[in-house]
1. Under 1.5 on a/c is rounded, so check that first for region 171-221, then, if it is not, pick prolate when a/b is larger than b/c and oblate when it is not; a ≥ b ≥ c are the square roots of the alpha carbon gyration tensor eigenvalues.
2. Compute the signed sum of charges (Lys and Arg +1, Asp and Glu -1) over the other residues within less than 9 Å, Cβ to Cβ, of Cys181.
3. Can you give the local net charge around Val78? Use residues other than it whose beta-carbon is closer than 13 angstrom to its beta-carbon, Lys and Arg +1, Asp and Glu -1.
4. If we sort 89-101, 57-69 on the protection proxy, mean other Cβ atoms within 10 Å, highest first, what's the order?
5. Expressed in nm to one decimal, what extension gain is obtained for the pair Ile389 and Lys38 from 0.36 nm per residue of sequence separation less their Cα-Cα distance?
6. How many nm is it between the label spots at Gln209 and Lys400, if each spot is 7 Å from the Cα in line with the beta carbon?
7. Asn258's amide H: which non-local residues (gap 5+, or another chain) put their own amide H closer than 5 Å, with H modeled 1.01 Å from N in plane and none for Pro or chain starts?
8. What FRET efficiency do you get for Leu83 and Arg127 if R0 is 22 Å and r is their Cβ-Cβ distance, rounded to the nearest 0.05?
Amino acid sequence: MVNKKCEYKHNKNESVHKIDYDNKKYQNQAIMLSNKVKKQYKHFSKRYAKQNIDIFRLYDWDIPEIGVVVDWYAGHLVVAEYLKKNSDPYWLTIMAEAVAKTLDVKIENLHIKQRHTGYKDGNRYERIAHTDKKIVMSERDFKFYINLDDYVDTGLFSDHRNTRAMVRQMAQGKDFLNLYCYTGSFSCYAAKGGAKRTVSVDRSESAIQWAKENMELNEIQVDSGFTAMEKINDKNDIDSKFEIDNKEIQKEEWSQKNIFIKAHAFDFLEKAKKKGQVFDIAVVDPPSFSSSREPNTRQFQNSSTSPNFEREDLDTTRRERDLKHHFDIAQDHPQLLKAVIEVMRKDSGSVIFFSTNHQNFQLKLDVVKFSLEEDCGNFIKEIKEITSITIPEDYKTPKKQIHRCWKIIV
Ligand SMILES: C[S@@+](CC[C@H](N)C(=O)[O-])C[C@H]1O[C@@H](n2cnc3c(N)ncnc32)[C@H](O)[C@@H]1O
């Protein structure tokens, strides 16, 4: 399978390491992995080619001792290892080269990455290389810029391609909010589905730029949006912040067709609520963890109480402002959902798609409902987990779910 005898490679410290292509255990693993990948490729490649889907998953840790993910990107392969402590740095190279050889992929089209398990998402969106090379790939009748080398993620979360299709189908004439928009793929689908307006929010400048490029690539009108919220010097003084905010954001800017807002999600939601902005569809797909700026030392006085909830849950409802600095989806999603529900159009079947890839996530529905009842009545009409239809077939594994997704009707 791996026909090289051995090869010497320099690691980052310029010391020379031997890649042990002769290692029998590695050879067997390379054979098992290649066989699995080949079978998947055979199963999916024709079907996805017919649908004009360039990106799909070929392997996700199906064999316990081979902890890698293999994705197909229109003739490129991305092979990523779930990194364990003390793993042999060149084991991954051996696995990746074996897979490339099996699928006849040239070595220059092989992209090898390491993903840390249990890391905080803060690191996840940081650069790991500087090629600045974006290539265009298709998903149905859409095109997206993909960067295969510079970040852990490539610019398109292909596991949400079904959810994107659902958004497109229901977008006609609607106000669409894409919170944590990343590269804006959901916004492109909503815009092509006839949305009256799309608002895409992310705190990352490069994500916002990328999202705009994706819209232009799909020949959708791009409006500038505003970045006022990020310009504000956040020194724990939320009131003076809003004063500055009010001056900088012009009324006309809210009514542009496709706008991009570089802002912290909670800042945006507060602002939108204050400005009476309402949405019919929202996609809320936050990172598992997000921290930014300095911790807010201000204490919170809001003291709703109920005997039915754990102390921890009640604390969560009080931490609203602190969430702008430290967000942990496991604890803080009730506050996030409450803030999103507040900007949804009421009594007209508005839909929130709420998704997370946090493993072992437990939705605290009682806390969401409770905090809504306390503040503004119970607006949730229906909540349904739709993970089984949002995860595409190539991402389905018996062991874990790549994401979980709920449809919340308001
Ligand atoms: C999981 S990705 C969202 C993926 C997106 N829904 C998609 O399908 O393409 C999370 C995004 O949240 C952004 N982000 C992280 N913390 C944020 C915050 N506090 N406010 C706004 N955006 C944030 C990151 O920059 C990243 O683009």
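Throughout, read-outs are computed from the coordinates displayed, never taken from laboratory work. These numbers come from a predicted model, not from an experiment. FYI the Cβ positions are ideal-geometry reconstructions off the backbone, even for glycines, and counts take in every protein chain you see.
1. The shape class here is oblate.
2. Details: positive: none; negative: Asp202, Asp285.
Residues close to Cys181 contribute a combined charge of -2.
3. Every neighbour counted, the sum reads -4.
4. Top of the packing list down: 89-101, 57-69.
5. Between Ile389 and Lys38, full extension yields 123.8 nm more.
6. Taking the two extended label points, one gets 3.2 nm.
7. Thr198, Asp223
8. 0.80
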